[in-house]
Amino acid sequence: MSVPETDSTPAAPLLTVADLRVTLATPRGPADALRGVGFELARGETLGLIGESGCGKSMTAMAVMGLLPTGAQVGGSIRLNGQELVGLGDDAMCRIRGNRIGMVFQEPMTALNPLHTIGTQIAEPLLLHKGLTRSAARAEALRLLERVQLPNAAQRLDAYPHQLSGGQRQRVTIAIALACGPDLLIADEPTTALDVTIQAEILALINELVRDSGMALLMISHDLGVMAQLVSRLLVMYGGTVVESGPTAEVFAHLAHPYTRGLFAARPRLGAPRVAGRKPRLATIPGRVPELVDMPPGCPFADRCAWVIDACRAAPPAPVNVGTSHDARCLRVGEIA
Amino acid sequence: MSETPLLEVRDLVKRYHLPRENLFQPAPVVEALRGISFTVHAGRSLGIVGESGSGKSTLARQVMALEAPTSGSVRLLGRDLHALSPTELIAARRDFQMVFQDPYGSLDPRQRVGRIVAEPLIGVAADEARQRVAEALNAVGLRNSDIDKYPHEFSGGQRQRIAIARALITQPQLIVADEPVSALDVSVQAQVLNLLADLQAEFGITYLFISHDLAVVDHVCDEVVVMQSGRIVEQGPTEQVLQQPSHIYTRSLLAAVPGAGTPSARVDLLPQA
């Protein structure tokens, strides 16, 4: 690795997030959106953040990209290639964003500018970060469009976003994200707006690009199936904390945290057996996600958990090791498993 | 089942004329529906699956009589909806209601829940309307006190319950639900799907259930229609269509479901309550 080694370990991970805290200003007072999130991501590794609306998965990605809403207070540390990103100035962050970190968002129509051709939009980061000439950037844009397997790439270079389908647009945003050869690709629900067959194509493309380029992938999704297909490690988030983390297969096999279990049980399953011609009722998680301002001092899931005991409400539970690099923040994890 | 079906759609065709591109050529025509036929019996659920542009939502608009088809008929309880006079249609609308995908966009933010839910009631006295709103809110698991709140005070799942209460208030025979759970989180989606099943068991409601999510359709529907480019490519009992698909398009849809082999719905791991 050519980057300066600032950590004590010989092979420092590409991205180290430690005790990340984000406090947002809301009309009802300060709200803790992230309450001590920590994880590491090595080069070439794929990591998934899963959870429901408001759990903090997108907030985590926004914090890494330095795109938090104004008035947000950030604590803890985010290190990329050993460089601290928390507290980094706007200019310095702009040199990293789109350059060392590529981003793909959910809605490809709003992510692209409708007034510029896709060729111009793919060339933009190359002109800004790499100092390429216009003609060199255009040639590189064509190569990128071919790499994301856009059909008739040469003719499409001068097309506008509205002339492309949703899946083709998402290929273009991926090409923009890849333009500068980033170390880290952040994909926030990249296939949620797409049809299932197009989703399968885009997931296969991301998989292939990550494997070939050696960049790391931070994938955000609410879809367990997407995660199973794409990431090797999984973080399950709830109430601004990581409640379970581990290799995807391990998490799926053990479902150590009560919230992870609830999430799996609530999902309708294709081909589940019928009883008297009807599917059995889905298991639901009682109650609802607490609002950030009202987050309880103890375990955020305590009010909805079937295993809750008094100690759960006293203080946030510490991570308990339940397998090889597999942790769950639950006091009763030993009894549940 | 041999009795007359609740809903009978026959040879439905819908063509849209696009803006003329050239003075010397006819305006281009899109064939959104190319001859759709199916029947649904009372108290059953029919799923409509297919990708964007396959004609699912166009079909929903014809069934809801929001648009007139180019040809073909939609018969509900034996009456052809598109042959009714405007006044007859307004009266007939109490038998079929719709639930939309986006619980944020489908509720007027400036009206209170009581007024939103009461909107489909026509010619009903205020006292009775209030009583019926309370009953509808109860049926979907909301409180009486919610009647004076505004939509922004509710979560996404609760808003979808409000939308379902609005559909229920006329005691309809048929509810057309266009992607009713797609915008919801998994655990909230489970609550709304259970609610739809409960309402069907209690009131015998028939659902026309449009979704791109095959697992959800498999869960909700007795029968399923697979659409591609305005045509039905496969239809039959859900179990048969999704487990032994005969058309290549159905197979490709099923093959594209991500992580289809992953363990899920492992109810055995939950505490026995």
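Tell me which DSSP H helices of chain B clear both cut-offs, 15 Å or more of axial length from alpha-carbon atoms and a mean Kyte-Doolittle hydropathy of at least -0.5. Can you show the working numbers first?
On the way: long enough: B:126-139 (20 Å, -0.68); B:156-168 (18 Å, -0.24); B:186-203 (25 Å, 0.79).
Long hydrophobic helices here: B:156-168, B:186-203.
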Cross-link candidates for residue A:130: which aspartates and glutamates have Cα within less than 18 Å, leaving aside residues fewer than 8 places away along the same chain? A:91, A:140, A:183
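Tell me, what is the FRET efficiency for residue B:231 and residue B:83 to the nearest 0.05, using R0 = 25 angstrom and their Cβ-Cβ distance as r?
Details: r = 25 Å, r/R0 = 0.99.
With a Förster radius of 25 Å, E is 0.50.
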Determine ³J(HN,Hα), in whole Hz, for all residues of region A:234-242 in sequence, where each value follows from phi through the Karplus function 6.51 cos²θ - 1.76 cosθ + 1.60 and θ = phi - 60°; x replaces Gly and Pro. 10, 10, 9, 10, 8, x, x, 10, 8
Given a Förster distance of 56 Å, report the FRET efficiency between residue A:95 and residue A:309 from their Cβ-Cβ distance, rounded to the nearest 0.05. 0.65
For B:214, A:132, A:47, what ranking results if the residue with the fewest other Cβ atoms within 10 Å of its Cβ goes first? A:132, A:47, B:214
Set the Förster radius R0 to 22 Å, insert the Cβ-Cβ distance between residue B:11 and residue B:171 as r into 1/(1 + (r/R0)^6), and round the FRET efficiency to 0.05. 0.15
With a 10 Å Cβ neighbour count serving as the proxy for reagent exposure, in which order, fewest first, do A:173, A:324, A:70 appear? A:70, A:324, A:173
Mind giving me the nanometre distance, one decimal, between the label points for residue B:95 and residue A:83, set 7 Å out from Cα along Cα→Cβ? 6.9 nm
Given H placed 1.01 Å from N in the peptide plane, which residues other than close sequence neighbours of residue B:234 have an amide H under 5 Å from its amide H? B:226
Of the candidates A:78, A:309, A:206, which one comes out as most mobile in a Gaussian network treatment of chain A with C-alpha springs shorter than 10 Å? A:309
Taking 0.36 nm per residue of sequence separation and subtracting the Cα-Cα distance, how much length would be gained by fully extending the chain between residue B:57 and residue B:138, in nm to one decimal? 26.2 nm
Sort A:79, A:143, A:329 so the one with the fewest other Cβ atoms within 10 Å of its own Cβ comes first. A:143, A:79, A:329
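Values quoted throughout were computed directly from the atomic coordinates according to the rules given, and no laboratory measurement underlies them. Predicted, not measured: the structure shown is a model, and the values here were computed from it. Backbone-built Cβ (ideal geometry, glycine too); neighbour counts: all protein chains shown.
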